[in-house]
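Only one structure is covered here, and it is reproduced in the block below.
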Amino acid sequence: MDPRDDLTPRSGDALVVTDVQNDFVTGSLAVPGAAAIVLPLNRAIDAFHARALPVIAIRDWHPPGHCSFSATGGPWPEHCVQGSEGAQFVAGLRFGPVALLVSKGTDPDAEAYSGFKGTALAGELRARGVRRLFIGGLATDYCVLNTVQDAIGEGFDVVVMVDGIAAVDVHPGDGAKALDTMRCVGARLARTDDVVVAPAAPRS
């Protein structure tokens with residue numbers, strides 16, 4: 001069996017959860033169906049913590065007047081402004097201790113959908129010996145898609161947890177197209193049930 005077909009979290013794996021923030025769930029840029037991804041993501045988080053594997057949290061962390069905001073000519077309403085309530089992770093997400101918190105979109109003049117753009121994420125993952133990423137969060141057709149593409153470009157194997165993501169679908173079908181793109185560039189698509197079904201190894 002190809003070892004990439006084994007979805008049991010193991011040494012060299014990390015869980016990446018991107019942008020599950022108030023503004024993307026119930027706020028100014030709420031993604032349809034976003035609230036429904038919290039439960040499967042929590043199950044994945046619990047599985048990684050049980051195996052003492054790293055959990056990485058990525059967030060939009062925009063300065064006021066960011067170039068992506070419609071008031072400055074961008075395509076989106078103001079969202080995830082640094083320090084605001086809208087920028088906080090949703091209360092129901094059981095992150096617990098995270099190995100790394102990554103803030104993206106901090107340059108007022110640059111859009112950053114990917115967790116790798118303008119951050120030290122790739123180097124931090126390599127320093128931790130990570131080779132495979134399990135990715136979930138928001139939104140399928142923007143930040144998840146771009147993070148997955150960049151992760152594969154950086155040489156990581158990627159598993160996308162399809163019940164742990166949701167799409168904006170500005171144009172109907174954008175989410176489905178994003179899934180096809182991620183599959184075509186080499187990502188494995190799976191459900192969180194496929195990831196957490198195996199029991200955690202006993203701790204010494």
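FYI, it's all coordinate maths here, none of it is from the lab. Given the structure is predicted, the values throughout are model-derived calculations rather than measurements. Backbone-built Cβ (ideal geometry, glycine too); neighbour counts: all protein chains shown.
By count of other Cβ within 10 Å, fewest leading, how are His49, His79, His171 ordered? Don't skip to the end; give the middle numbers.
Working: His49 18, His79 23, His171 9.
Fewest to most other Cβ atoms nearby, the residues stand as His171, His49, His79.
From the square roots a ≥ b ≥ c of the eigenvalues of the alpha-carbon gyration tensor of segment 9-195, which class results: rounded (a/c under 1.5), prolate (a/b over b/c), or oblate? Mind dumping the intermediate values first?
On the way: a/c = 1.43, a/b = 1.38, b/c = 1.04.
The shape class here is rounded.
Going toward the positive end of the dipole of segment 9-195, with +1 on Lys and Arg Cβ and -1 on Asp and Glu Cβ, which of Asn42, Pro63, Val144 do you reach last?
Value: Asn42.
Over the chain, with a Gaussian network built from C-alpha contacts below 10 Å, which listed residue (Val130, Val17, Val144) shows the highest mean-square fluctuation?
Fluctuation is largest for Val130.
Please give the charge dipole size of the chain, origin at the Cα centre, charges +1 on K and R Cβ atoms and -1 on D and E Cβ atoms. Round to the nearest 20 debye.
Values: 17 positive and 24 negative charges, 153 e Å.
The dipole magnitude comes to about 740 debye.
Roughly speaking, what is the centre-to-centre gap between segment 75-121 and segment 1-63 when only Cα atoms are used, to the nearest Å?
Measuring centre to centre over Cα atoms gives 13 Å.
Filter the GluC sites (Glu not before Pro) in segment 49-150 to those in DSSP coil with at most 14 other Cβ atoms within 10 Å of their Cβ, and list the result.
On the way: sites: Glu78, Glu85, Glu111, Glu124; in loops: Glu78, Glu111.
Those that pass, being in a loop and sparsely packed, number zero.
Farthest toward the dipole's positive end in segment 29-147, which of Phe89, Gly105, Pro54, given Cβ charges of +1 (Lys, Arg) and -1 (Asp, Glu) about the Cα centre?
Result: Pro54.
I want to verify a result. In a Gaussian network model of the chain, Cα cutoff 10 Å, which of these has the top mean-square fluctuation: Phe24, Phe69, Phe48?
Phe69
By how many nm would the segment from Val170 to Ala36 grow when fully extended, if each residue of separation counts as 0.36 nm and the alpha-carbon distance is taken off? It would help to have the intermediate numbers written out before the result.
On the way: separation 134, 0.36 × 134 = 48.24 nm, distance 1.90 nm.
So the extension gain works out to 46.3 nm.
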